[in-house]
Amino acid sequence: MKQLLPCLLAAHLLFLAPWANAQVNIGYKINDSIPVIDNNDTLLNPWAGGLNSPQYSEIDLNQDGMMDILIFDRTGEPYKTFVNQGSNGTSSYRYEPKYQGQLPPGTGFVQLRDYNCDGKQDLFTFNIGGFKVYQNTTETTDTSLSWQQVTNIHIVTESGPQVYNLPEDVAAIDDLDGDGDLDVLAFGPGFYQNFISYYQNISADSGWGCDSLRFVLNTSCWGGIGELPTNCEILMGQSCKNGELGDFGGGWNAGGSRAHAGSTLLTIDIDGDNDKDMLLGDIGCKKVQLLTNGGDQFTASITQVDTAYPFTDPIDINIFPATYYLDVDNDGVKDLISGPNTGEPSSSINNSWYYKNNGADNLPSFQLMKKQFLSDGMIDLGAGCHPTFVDVDADGLLDLIAGNLSSRNPMTADTSRLAYYRNVGTAQFPAFELITKDFANMEQYALLGLYPTFGDLDGDGDMDLIVGDREGQVHYFENTAGAGNPMSLNLNQAVYMGIDVGEHAAPQLVDLNRDSLLDLVVGERDGVLNYFENTGSAGSAMFSNLPTIDSLGGVSVSVPGFAGFSSPFVTDKIKANGDYLIAVGNRSGIVQFFDDVEGNLNGSFTAIDTIFTVGAQTSVTMADIEGDSLINIVTGEIGGGLQIWSKRDSIPIGIVENPSLWSSINVYPNPVTDELTLSYFARTAHQLTVDLVDITGRQSRVLTRSVSPGQQELSNLNVGQLASGVYFLRLSSNDQVEVVRFVKR
């Protein structure tokens, strides 16, 4: 039975997707088995979605005793979860999206800390003026995460004001006085917004143990420092009397702004003297400053400020750097990661700096290892990713073209391009290799926010290109190659037919009215769909500059106060009768499906289903890229990356499919050199066949065996004789199939 979803309810659900988990996923699941090759390197997590403003925490997601990584991205506020597959001294993480829907909603910032000393990481996030805390109640036998909110509005202090923090800031949540409970450092409210308030947790001191959060305001002037509101300067030796900073050349006391714009705090014992020093990032600065504590763990006194840290290869991120302290390489010592903390796309490349700690937790020695930690294993095109499929090289396989909103680099201006990933696999086992990030030399036109769509507009048998842009216009690139030849695209007409939908034009070429001519359906920032009917001929398209229908189907994916960023895709490949459905991505990171399109272009469409994706500002396209006559859904997101969704069988949209025979499928180590282990949970008894498949489609039998319900493991699978490259293990039983990818070094 279809799940009918009224439009108003759908709009209400836009911001509830990950936590509410209320809608079915139309029989689709994320497929991370399709390999992607970039510069001869097979990406480890190609479909993880990209990173813009990542905040890092560690947590044991799968209850295996190893700390995994949770990322909360302030741009769009999605979670991304990565399971630790490394060993002592090595870093290897596999993207595992299933945990993302098991996390409480985050806003502004998310930091994981064990506040109640039970060995499990609890979740701190913003709540009006302060914090909201969720206790991790997951048991070691649980197969999913569970949480319980422990504060309703904010943490109330025993005396004085509430524990205060702004959503733009990242507070320091740490045991500052060494008594075993967690204290808080954050920039204060009111007159004290340019000083750091120290909220001391008195739970341990009062004999309550770790299971409480009871704070007193110890001081509004931690460390005796003040931060100048107009630049990055830190002034030492402040008394913070009446919230006044010392002399800044008259600027402060002569009516200068007191406004605190935003800062990030991390406490570390840098010099091994048993008190906490501070790494401070500021919204107006590129560097991270080291504030050295010359006092002790009870009374801090900042006696030295170094304006760039670490001293060798200092952090240099174009806006608002933040720092995080966690053990990345499994050597028992915490490492340093830094990234931008702005809610808007900032430095969308080189935005995840990883420093290995060659010292100790309380006397670190940091060595820069890379500037694209985890993101170097993903498709990450900067900010935004708008995919479509077309056969570029005329080899019969669908290739991937993806536009972006922008590629932001501290050294250059914003640019937008089209990336071309050629399908180098087979019809059944696709594999994509990056050929260029500037397909059709698109960067030269200085357009931003590119949305591509292909179709034969001039009747010559080859596929032409329409590109929408951030300014709301569309542009026509003619393919002059001829039928059966690799594409050759040239700009034919900028601002095609005068079409302008306002901002963020997201076009699709599709014969919507079934008259054998390609029409245009164009999404926009305001969240509605514009329909432009093609009134020309097969050899000469013609569109009015004004939409035939400016609110197609009554569809709107905006909510009050927020832009919608509608990104449509029309398909007749999902419904068994071949009728059209329209999928619409939007700002909130979901894809909504609408029915009742056929013969009803002037009527109202029906919202029938929703996919909750794992990003924000989602775009969507569809194609059968696995040669199984089942359409794949591909979603792009503001993080600059992609997700692929696959359907196991032909169950109609809106119907919950039967669960797979297997769950928690994993192969490790991945990448592998000699021996591979396959683990999975079997839901029922069945006859299992496992085949090894390479990217050309060649397969060989690994084993056939009877499987009982429960956790299963196949170890010591010898793959040492295989050539380096991408391979698949194909699990099958009757009509059910699952595929898991691994990389042979």
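Exactly one residue out of 526, 596 is at pLDDT 90 or above and within 19 Å of residue 501 (Cα to Cα): that is 526. Scanning the stretch 481-504 for residues that are farther than 17 Å from residue 450 by Cβ and surrounded by 14 or more Cβ atoms within 10 Å (Cβ to Cβ) yields 481, 497.
Of all residues in the stretch 428-487, exactly one satisfies the criterion of being of a type in the set (Ser, Thr, Tyr) and part of a loop (DSSP other than H, G, I, E, B), namely 480. Scanning the stretch 371-398 for residues that are of a type outside the set (Ser, Thr, Tyr) and assigned to a helix (DSSP H, G or I) gives 376, 377. Here the strands (runs of 3 or more DSSP E) wholly within the stretch 61-141 that include at least 2 residues being among the hydroxyl-bearing types (Ser, Thr, Tyr) and in contact (Cβ under 8 Å) with a residue 40 or more places away in the chain are 93-95. When residues in the stretch 423-446 are screened for being open to solvent by less than 30 Å² (accessible area, probe 1.4 Å) and either closer than 27 Å to residue 524 by Cα or touching a Pro at 6+ places or on another chain (Cβ under 7 Å) (or both), 5 of them pass. Taken over the stretch 298-322, the residue count meeting the criterion of being in a loop (DSSP other than H, G, I, E, B) and open to solvent by 50 Å² or more (accessible area, probe 1.4 Å) is 9.
Go through (1) more than 26 Å from residue 168 (Cα to Cα); (2) modelled with pLDDT under 90 one by one and return the number of the condition residue 62 breaks. Failed condition: (2).
Note on the stretch 236-249: residues that are open to solvent by 30 Å² or more (accessible area, probe 1.4 Å), of a type outside the set (S, T, N, Q) and either assigned to a loop (DSSP other than H, G, I, E, B) or at pLDDT 90 or above (or both) total 6.
Do the conditions hold for residue 685, that is, is it under 24 Å from residue 143 (Cα atoms) and either β-branched (Val, Ile, Thr) or out of contact with any strand residue (DSSP E or B) (no Cβ under 6 Å at 6 or more places or on another chain) (or both)? Taking the combined requirement at face value, the residue satisfies it. Counting only strands (runs of 3 or more DSSP E) that sit wholly inside the stretch 505-566, those with at least 1 residues that are polar (S, T, N, Q) and crowded, with 24+ Cβ neighbours inside 10 Å are 506-510, 529-532.
Can you say whether residue 368 is open to solvent by 20 Å² or more (accessible area, probe 1.4 Å), within 26 Å of the chain's Cα centre (by Cα) and closer than 25 Å to residue 335 by Cα, as far as the supplied structure shows? Yes, satisfied. Only residues that are open to solvent by 50 Å² or more (accessible area, probe 1.4 Å), under 13 Å from residue 680 (Cβ atoms) and in contact (Cβ under 8 Å) with a residue 24 or more places away in the chain: list them for the stretch 701-729, please. Answer for the stretch 701-729, where residues must be open to solvent by 50 Å² or more (accessible area, probe 1.4 Å), under 13 Å from residue 680 (Cβ atoms) and in contact (Cβ under 8 Å) with a residue 24 or more places away in the chain: 708, 709, 711, 713, 715.
A search for C-beta distances below 9 Å between a residue of the stretch 325-340 that is under 25 Å from residue 77 (Cβ atoms) and any residue that is assigned to a loop (DSSP other than H, G, I, E, B) and basic (Lys, Arg), counting only pairs 6+ apart in sequence or on different chains, returns 325/334; 326/334; 328/334; 340/74. For beta carbons closer than 9 Å, sequence separation of 6+ or different chains, a first residue in the stretch 207-224 that is within 11 Å of residue 238 (Cβ to Cβ) and a second that is among the charged types (D, E, K, R), the qualifying pairs are 221/241.
The values are calculated or read from the model by the stated rules, or taken from the named source; none is laboratory data. Source: prediction; values computed, not measured. Please note: Cβ atoms are built from the backbone with ideal geometry, for glycine as well, and neighbour counts cover all protein chains shown. Calculation scope for accessible area: heavy atoms of the full protein, side chains included, ligands and nucleic acids excluded. Shrake-Rupley method; radii C 1.70, N 1.55, O 1.52, S 1.80 Å.
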